[in-house]
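The values are calculated or read from the model by the stated rules, or taken from the named source; none is laboratory data. Keep in mind that this is a model prediction, so the values were computed, not measured. Cβ sites come from the backbone with ideal geometry, for glycine too, and all protein chains shown count toward neighbours. These area figures cover heavy atoms from the full protein model, side chains too; ligands, DNA and RNA do not enter into them. Shrake-Rupley method; radii C 1.70, N 1.55, O 1.52, S 1.80 Å.
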Amino acid sequence: MIRTLVKDALNATAPADAILLQGWVRTRRDAKAFSFIELNDGSCLKGLQVIVDAALPDYVHIAKANTGASVEVSGKLVESKGGGQKWEVVAEKFTVLGEADATYPLQKKGHTMEFLREIAHLRPRSNLFGAVFRVRSRLAYAVHQFFQDKGFYYVHTPIVTASDAEGAGDMFRVTTLDLENPPKAEGGKHVDHAKDFFGKKTFLTVSGQLEAEIFACALSNVYTFGPTFRAENSHTSRHASEFWMIEPEVAFCDLHGDMDLAEEFVKYLIRDVRAHCAGDLEFFSKFVDQELLARLDFVLDKPFVRCSYTEAVEILGKSGKTWEHPVAWGDNLQSEHERYLTEEHFKCPVTVYNYPRAIKAFYMRQTDGCADGRETVAAMDLLVPGIGEIIGGSQREERLDKLRAGMVLHHLDEKNYWWYLDLRRYGTVPHAGFGLGFERMLMFVTGVANIRDVIPFARTPGTAEF
RNA sequence: UGCCCGGUAGCUCAGUGGUAGAGCAGGUGACUGUUAAUCACUUGGUCGUAGGUUCGAUCCCUACCCGGGCAGCCA
């Protein structure tokens, strides 16, 4: 007999005489003449109620079917006589495949997220985390579907890299050198990186953008979707040392096209998850964030606000608020400022664009015709309520001379970017792209407040268990 | 990295300068087409670690470890 998933059994349109189910016991309730078992196999949030009659020969095994045990049941799918569910299974054969004793940590009560993090090998069996990771899977699928349907090509950019893309953040070193006794150069003072595996200093990537630009300047529309690494000592609910990022890169595109794409993309992802993960989202709106569904629908309905950095600074200045960090043109917007803009002032997602040149990366395109001392670049950040920055992007500087000037401004050595400069030497085109933090998007879509709870096995400073 | 909060039973927490309690889980029994079932009884703790103050510390102090929050950095 072929196994039926709980999801499919619950969606049955007619009773079935013979059905085989495999899964884990969520709870068992014993009555005098039979036992109720709630069987969950992870295929969906809900479990299927199984009735095991005490007259059944296999009933002797029932005492071992504790919460957490894996079981196999074959029997009939019938309409339930009880009130809580449409279908239930009357067992004819019942086997406990793997027992779970009283030390099984998942109880029939609510646990704290902190406790569940410590048992990351078991938490996918909980309602909440089962739902989170089903949605994560669907969201990843939707990412590909969005870009593939638009004719974008998926590019695999390297995970080990020698370029510290944009100097953004500390990087993890990749080396095979003996750390106790590394080879030395320059009279024994410095480590001789020429003797390392790749013949030079290498790192885990912080972004695939620069390599994606190479492919955008060949295939026109591309995207990356893969792991990225930041060795920042960040202790916040929205930073992880290892996270996944989606980075589209579009040739013949300016900042406005980039912002259009970002908005369309975010809305597409929300709409897709809304349509395909309805049960899981309902669970989140019930137990995680009461306003989740209303907020998601609100975001779908409204066009995102677009606001230049200069306008944002004016709004913040006129807000009448007292800021922990003062607002002045030229300074970066702080979390409190971003939160005010999206949560209080506009009350919807906001794209802030044209940031001061001095605080942004070297590759961002200089805005033409800026007033002296007010030079900006074509950068944009998408801010959403509850999370803050979810997307950061820009139009790239395609003019060789301006790009070189930007590198001088940021004290970068041209030698390390020779291939990046070549893109401007040979057939350069205006192009733009952005990075979306996959986990941050997942947080937004599920209402889960901590990034550690939307990653199967989160890596944060000091933590790499599992 | 800075500031703040926390660490007491398997889990969630209360509590006191005189060495500890509840709910849930576990166990036993009763009851029941049950839904995180219900009821009764019950097992269970070097009160994060190491020092210090004190006649006496789980409680006060210091350091450290661990967890969490906020900020910075960003996605």
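Brief remarks on what is shown
- Scanning the stretch A:36-49 turns up no residue that is over 25 Å from residue A:277 (Cα atoms) and charged (D, E, K, R).
- The test for being closer than 12 Å to residue A:23 by Cβ and within 12 Å of RNA strand B (Cβ to nearest atom) holds for residue A:46.
- Among the residues listed as A:266, A:250, the single one being within 12 Å of RNA strand B (Cβ to nearest atom), touching a Phe, Trp or Tyr at 6+ places or on another chain (Cβ under 9 Å), of a type outside the set (Gly, Ala, Ser) and modelled with pLDDT of 95 or more: A:266
- Of all residues in the stretch A:83-136 being hydrophobic (A, V, I, L, M, F, W, C) and within 6 Å of RNA strand B (Cβ to nearest atom), the one that is farthest from the chain's Cα centre (by Cα): A:102
- Test: residue in the stretch A:392-415 that is at pLDDT 95 or above, of a type in the set (Asp, Glu) and open to solvent by 40 Å² or more (accessible area, probe 1.4 Å): yes
- Qualifying residue in the stretch A:283-292 (condition: more than 14 Å from RNA strand B (Cβ to nearest atom), free of Cβ contacts under 8 Å to residues at least 60 places away in the same chain, at negative phi and open to solvent by less than 70 Å² (accessible area, probe 1.4 Å)): no
- Index of the failed condition, residue A:358 passing every other in (1) surrounded by fewer than 21 Cβ atoms within 10 Å (Cβ to Cβ); (2) free of Cβ contacts under 8 Å to residues at least 40 places away in the same chain; (3) within 28 Å of residue A:342 (Cβ to Cβ): (2)
- First in the stretch A:435-459 and open to solvent by 30 Å² or more (accessible area, probe 1.4 Å), second anywhere and more than 8 Å from RNA strand B (Cβ to nearest atom) and among the acidic types (Asp, Glu), Cβ under 7 Å, 6 or more apart: A:459/A:242
- Any hit, the stretch A:242-264, residues being within 30 Å of residue A:46 (Cα to Cα) and surrounded by 19 or more Cβ atoms within 10 Å (Cβ to Cβ): yes
- Of everything in the stretch A:186-210 that is open to solvent by less than 30 Å² (accessible area, probe 1.4 Å) and either part of a helix (DSSP H, G or I) or out of contact with any Ser or Thr (no Cβ under 8 Å at 6 or more places or on another chain) (or both), the residue that is nearest to residue A:258 (Cα to Cα) is A:209.
- Of all the listed residues (A:333, A:316), the sole one being in contact with a helix residue (DSSP H, G or I) (Cβ under 7 Å, 6 or more places away or on another chain), crowded, with 18+ Cβ neighbours inside 10 Å and in a loop (DSSP other than H, G, I, E, B) is A:333.
- Looking only at the stretch A:293-311, residues that are away from RNA strand B (no atom under 14 Å from the Cβ) and assigned to a helix (DSSP H, G or I) come to 11 in all.
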